[in-house]
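Everything on this sheet refers to the single structure shown next.
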There are 6 protein chains.
Amino acid sequence: MSERYLRGIEIAEQLASDNLDEFLTSRVAELAPDFARMAIEFPFGDLYSRDQLDLRSRELVAIAALAAMNDCGPQLRMHVRAATRLGVEKTEIVEIFMQVAIYSGFPAALNALTSCHDLLTDECPRQAARRVAGQG
Amino acid sequence: MSERYLRGIEIAEQLASDNLDEFLTSRVAELAPDFARMAIEFPFGDLYSRDQLDLRSRELVAIAALAAMNDCGPQLRMHVRAATRLGVEKTEIVEIFMQVAIYSGFPAALNALTSCHDLLTDECPRQAARRVAGQG
Amino acid sequence: MSERYLRGIEIAEQLASDNLDEFLTSRVAELAPDFARMAIEFPFGDLYSRDQLDLRSRELVAIAALAAMNDCGPQLRMHVRAATRLGVEKTEIVEIFMQVAIYSGFPAALNALTSCHDLLTDECPRQAARRVAGQG
Amino acid sequence: MSERYLRGIEIAEQLASDNLDEFLTSRVAELAPDFARMAIEFPFGDLYSRDQLDLRSRELVAIAALAAMNDCGPQLRMHVRAATRLGVEKTEIVEIFMQVAIYSGFPAALNALTSCHDLLTDECPRQAARRVAGQG
Amino acid sequence: MSERYLRGIEIAEQLASDNLDEFLTSRVAELAPDFARMAIEFPFGDLYSRDQLDLRSRELVAIAALAAMNDCGPQLRMHVRAATRLGVEKTEIVEIFMQVAIYSGFPAALNALTSCHDLLTDECPRQAARRVAGQG
Amino acid sequence: MSERYLRGIEIAEQLASDNLDEFLTSRVAELAPDFARMAIEFPFGDLYSRDQLDLRSRELVAIAALAAMNDCGPQLRMHVRAATRLGVEKTEIVEIFMQVAIYSGFPAALNALTSCHDLLTDECPRQAARRVAGQG
């Protein structure tokens, strides 16, 4: 294992330990193990490990970039969790999504809010489950 | 003039006084004066004026979002200047552009670096002029 | 409530009364109530309320823009319904989606047709349900 | 020459006779003559020639789609000219660009206004030339 | 039926006979039969039928273009199947998705790998079903 | 210098020796030397150096991806040159741009043809210069 990989894993673990395990044992990682390695090495080992920008700022950048691209998949959710772990307030993340409407329009902002709703609300999971079941 | 507009102008001036004058007297503002007003009211009067996110974070968000969308026009340049005024280091902005390569690829990052090169370098304008004239 | 909001709600109700209630009581609106308000104020209160373009033309613009961006989420569906309410023929909306293939390619057009299929067909809901259940 | 081509040329001429000549004798048409033919046949011969949507609506669709995609090249300008020829008011086109900010953000709208400014203003060309020369 | 359609059908059948039937009898084809015809005529009848590029290269182009646009819908899956039928190795397709990360970033590449996972793995369907059921 | 960098430089030189020198001594490389290094290491050192896809196919992928994203900047031109050096015919590259119209629409295809026109035509540079000077 390259030094870049080890450095990357260390940061990725700090940011998103649960998501990391999930990713590393995912079927995509099984299908393209070299790419799973590169997806640790380049983003986290090469870039996130640099001192020029602190981790908190990096997570704001990740969230803003992904929301602006209207990419509301697992990557956005992973970075929302990571930002929360680093102490970014949920209200700040909601605010970033709102601000993104300026640059990429309302649909991108609304899609981001919808797709990360459960990560940004303080409703407990049981309440959420009830609501979905129509009993809330 | 609406309260939103006045609140927006105050913030926009703080961020980018030169660019603001340029924008408000531009031919686009002449062609669509109501839109020029809305472009102050909504982004700055409604969103930037909120306390939920500090101005520095808002500029990181703006720069990341615009670079990720591969939009390297006057908006990106305006926000790079605004971020610099707020004390964001040039090395931090370069780093944001580098990080954006993770989410939108190398061309978007290289285009952002190219388009804002003169705002991010410490070379004095005279040197730059010489270089362009082939005497550098 | 601001005048812009009241003006916006009036237009939004005219365009999409069902969708509007759904939106205003949605979990996203609960999570980011200020953004839900802005999503009425700016699009409907500030822009749709202007005389420079009639409502029918505005709905053609909304449908064309969203389909061209390959954004086939709730926004596109909302505007397809609104256009229908304003008297735009279903065949016209199908034709807009077809025309969008010129500017953004066949996948965007096919995705729009797929995602709004049920709103554009004249098949009654019961038939549709049967078909999905494999009895059609 | 196919029937589709002849049908397409007829419509394209009606929409944009100057731009058409320019396009058909352009270096791109010289490099890829078959594609220049297809760019008449498919958009104009196959789609614009259909009765399901009138020409005015088709031009609103074209302008909205291209502006929303933040594509402000020759295609957008061609369709702005075509719309004007069909009687769409310049104020309506400005309004479409403004509305596009809802779906794709302010930069796309501002870029469209900037790129088509000369086609949408009533300033005479001499005034424009003077202004650019700094004498305006 | 036009000659272009017949020529297109012949190629489309060669590439993706199963998907073709599915497409031609789909509800979208029912809703917009003329567009379903055009979606054969233009891509396959006009372009794929030309000698200037061999079919294998065309499928590499299709897969790269769709993955780069982060469009992971039925079109991408159809072309992955077509490429496989033409003898493109699954490892080559995985590699194309990996390479696309250079131009459009890691999320687009990961989304493509996720969305076509079942077409690119050699796991038999029964194993896959078990795994999904949590017994794998 | 890392092994990845040396491996990357070797491939990049083979593909585009002129463009490479230009890039490595560019002002962007001066501003962000670490990113210039990464732009060799990751694309060429990590990905292009792998055996899973031959260089010719990799260049088809690069050209298709960049054209589909409507990115007609220096990256597209670099890869058009590289493909030509590897023996891809100019007519094949023109054909790729044409095919991209299927997936991303006519404007993207026309923009790619326009932006790379001089690299794809057989007109000698002197003729081109004359033509631009209006004497052609």
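Okay, here's what the table says:
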{"item": "The one condition in (1) surrounded by fewer than 22 Cβ atoms within 10 Å (Cβ to Cβ); (2) within 30 Å of C:R37 (Cβ to Cβ) that A:R27 fails to fulfil", "result": "(2)"}
{"item": "Checking B:S17 against (1) more than 19 Å from A:F106 (Cα to Cα); (2) in contact (Cβ under 8 Å) with a residue 12 or more places away in the chain; (3) among the small types (G, A, S); (4) surrounded by fewer than 17 Cβ atoms within 10 Å (Cβ to Cβ), the condition it does not meet", "result": "(2)"}
{"item": "Candidates B:V28, B:V100, filtered to the one that is under 29 Å from A:R77 (Cα atoms) and touching a helix residue (DSSP H, G or I) at 6+ places or on another chain (Cβ under 7 Å)", "result": "B:V100"}
{"item": "Residue check for A:L53: under 18 Å from B:V61 (Cβ atoms) and either out of contact with any strand residue (DSSP E or B) (no Cβ under 6 Å at 6 or more places or on another chain) or buried (at least 22 other Cβ atoms within 10 Å of the Cβ) (or both)", "result": "yes"}
{"item": "Residue within the range A:1-11 that is within 15 Å of the chain's Cα centre (by Cα) and crowded, with 18+ Cβ neighbours inside 10 Å present", "result": "yes"}
{"item": "Matching residues in the range D:26-45 - criterion: being within 15 Å of C:G105 (Cα to Cα) and either in contact (Cβ under 8 Å) with a residue 40 or more places away in the chain or not hydrophobic (A, V, I, L, M, F, W, C) (or both)", "result": "D:P43"}
{"item": "Any chance C:Y103 is within 27 Å of B:P33 (Cβ to Cβ) and among the hydroxyl-bearing types (S, T, Y)", "result": "no"}
{"item": "Residues located in the range F:72-100, provided they are aliphatic (A, V, I, L, M) and touching a Lys or Arg at 6+ places or on another chain (Cβ under 8 Å)", "result": "F:A83, F:L86, F:V88"}
{"item": "Selection status of E:A32, modelled with pLDDT of 95 or more and more than 14 Å from the chain's Cα centre (by Cα)", "result": "yes"}
{"item": "Selected residue (criterion: farthest from the other protein chains (Cβ to nearest Cβ)) from residues of the range E:114-136 that are in a helix (DSSP H, G or I) and at pLDDT below 65", "result": "E:R126"}
{"item": "Filter result (β-branched (V, I, T) and more than 22 Å from D:V100 (Cα to Cα)) within the range C:15-59", "result": "C:T25, C:V28"}
{"item": "Test: B:V61 is buried (at least 17 other Cβ atoms within 10 Å of the Cβ) and closer than 28 Å to A:L76 by Cβ", "result": "yes"}
{"item": "Qualifying residue in the range D:31-42 (condition: surrounded by fewer than 18 Cβ atoms within 10 Å (Cβ to Cβ), of a type outside the set (S, T, Y) and assigned to a helix (DSSP H, G or I))", "result": "yes"}
{"item": "Matching residues, the range C:43-59, being among the hydrophobic types (A, V, I, L, M, F, W, C) and assigned to a helix (DSSP H, G or I)", "result": "C:F44, C:L47, C:L55"}
{"item": "Identity of the residue in the range D:47-93, aliphatic (A, V, I, L, M) and within 16 Å of C:T91 (Cα to Cα), that ends up farthest from the other protein chains (Cβ to nearest Cβ)", "result": "D:L55"}
{"item": "Residues being of a type in the set (A, V, I, L, M), closer than 24 Å to E:A101 by Cβ and outside any helix (DSSP H, G or I) - total across the range B:60-113", "result": "1"}
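To keep it simple, each residue is scored yes or no on (1) farther than 21 Å from F:E41 by Cα; (2) touching a Cys at 6+ places or on another chain (Cβ under 8 Å); (3) away from chain B (no Cβ under 14 Å); (4) not basic (K, R).
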site: A:I9; (1), (2), (3), (4): no, no, yes, yes
site: A:D21; (1), (2), (3), (4): yes, no, yes, yes
site: A:L31; (1), (2), (3), (4): yes, no, yes, yes
site: A:R37; (1), (2), (3), (4): no, no, yes, no
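The values are calculated or read from the model by the stated rules, or taken from the named source; none is laboratory data. Quantities reported herein were computed from a predicted structural model and do not represent experimental measurements. Positions of Cβ are generated from backbone atoms using ideal geometry, with glycine treated the same way; all protein chains shown enter the neighbour counts.
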